[in-house]
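The values are calculated or read from the model by the stated rules, or taken from the named source; none is laboratory data. Small disclaimer: the values here were computed from a predicted structure and weren't measured. In this analysis, Cβ positions are derived from the backbone assuming ideal geometry, glycine residues included, and neighbour counts consider all displayed protein chains. These accessible areas exclude ligands, DNA and RNA; they are computed on the full protein's heavy atoms, side chains included. Shrake-Rupley method; radii C 1.70, N 1.55, O 1.52, S 1.80 Å.
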Amino acid sequence: MMAESRATILERFRKKVAAGLPIVGGGAGTGLSAKCEEAGGIDLIVIYNSGRFRMAGRGSLAGLMPYGNANAIVKEMAHEVLTAVSRTPVIAGVCASDPFLLMDHFLGELKALGFAGVQNFPTVGLIDGTFRANLEETGMGFGLEVECIRRANALDLLTTPYAFDPDQARDLTEAGADVIVAHMGLTTKGAIGAKTARTLDDCVVEVAAIVEAARAVRPDVFVLCHGGPIAMPEDARYILDRVEGLDGFYGASSMERLPTEEAIARQTRDFMNLRLRREQALEN
């Protein structure tokens with residue numbers, strides 16, 4: 001499978017934004033999710049290990065825990081997802097902080113499989129406190145994720161990394177990132193969503209700071225918002241209406257977990273509300 005070229009994808013994104021249309025990306029944990037997202041007209045599909053856990057009914061943070069080899073899982077998922085879509089570029093999540101990763105070799109494998117680009121997930125950006133400090137101190141920090149983006153850019157892979165603050169946005173843009181995804185934390189709402197999160201107004205301020213930081217390095221970089229309370233289309237609209245220069249939205253749980261939860265529950269209730277003909281006769 002030959003992926004669409006990075007130059008072609010970026011040109012299409014530029015035309016969309018110039019026309020006043022947002023770039024929309026989505027995570028897929030199954031081939032069916034990817035197929036449905038493509039049918040809905042999505043611009044970009046991203047797959048990583050959390051998608052598999054999420055669609056198994058587990059929280060997305062399972063992707064940061066030792067429940068499987070993240071880089072091996074994304075290669076397994078490739079066969080399911082890449083064969084389910086026909087025209088949408090698919091991005092692979094890379095756990096760049098894996099100390100056993102042969103990064104250049106792995107990036108080459110992903111490109112050969114048909115991935116159009118990469119994203120930094122699982123990411124230590126979601127980890128804070130003493131544990132995060134210790135990861136940085138012992139050679140498993142965010143700098144490896146920045147280096148992964150730099151090397152992927154050199155291979156002409158599309159790069160769409162998560163940034164959690166303005167400093168990271170600057171570093172990733174300097175490394176050649178094509179699309180910065182301003183990450184506002186674990187997505188809320190639904191059966192397994194987070195309860196602790198920023199407010200939408202908090203996100204307006206933080207996303208705007210990331211946009212400003214990235215554009216100060218390179219004016220042509222795209223910036224999307226993601227996560228936290230930005231869970232539904234109306235949430236994304238709230239942020240897009242208030243952050244000047246924001247180019248779109250990327251959803252993972254928003255694109256497959258929340259719609260699946262709602263649709264299956266609603267369909268099941270509709271079936272449960274059916275009545276047998278003989279019960280109706282008795283009632284009459």
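For segment 227-277, what % of the accessible area comes from carbon and sulfur atoms, probe 1.4 Å? Carbon and sulfur atoms account for 54 percent of the accessible area of segment 227-277. Rounded to the nearest Hz, the phi-derived 3J(HN,Hα) couplings of segment 117-126 under the Karplus curve 6.51 cos²θ - 1.76 cosθ + 1.60 (θ = phi - 60°) are x, 9, 9, 8, 8, x, 10, 6, x, 7, where x marks glycine and proline.
Solvent exposure of the chain, expressed per residue, is 48 Å² of accessible area, with all protein chains present and a 1.4 angstrom probe.
Taking amide H as placed 1.01 Å from N in the peptide plane, LEU158 has its amide H under 5 Å from the amide H of GLY117, VAL118, each at least 5 places away in sequence or on another chain. Only DSSP H runs of four or more residues enter the estimate; each adds -39500 (n - 2.57), and after division by the residues of the chain the mean residue ellipticity at 222 nm equals -14000 deg cm²/dmol. Packing, taken as the mean count of other beta carbons within 10 Å per residue, orders the peptides 260-268, 23-31, 89-97, 203-211 from highest to lowest as 89-97, 23-31, 203-211, 260-268.
Looking at the chain, the DSSP beta bridges with both ends there are about 5 percent antiparallel. Can you classify segment 1-145 as rounded, prolate or oblate using the Cα gyration tensor, where a ≥ b ≥ c are the square roots of its eigenvalues, rounded means a/c under 1.5, and otherwise it's prolate if a/b beats b/c and oblate if not? Prolate. Spin-label pair ARG58-LEU32: with each label point 7 Å from Cα along the Cα-Cβ axis, the two points sit 2.0 nm from one another.
The Rg/Rh ratio for the chain, using Cα coordinates for both the radius of gyration and the Kirkwood hydrodynamic radius, is 1.02.
Across segment 86-101, rounded Karplus estimates of 3J(HN,Hα) from the backbone phi angles (6.51 cos²θ - 1.76 cosθ + 1.60, θ = phi - 60°) give 10, 9, 8, x, 10, 10, 9, x, 10, 7, 6, 7, 4, x, 9, 7 Hz, Gly and Pro being marked x.
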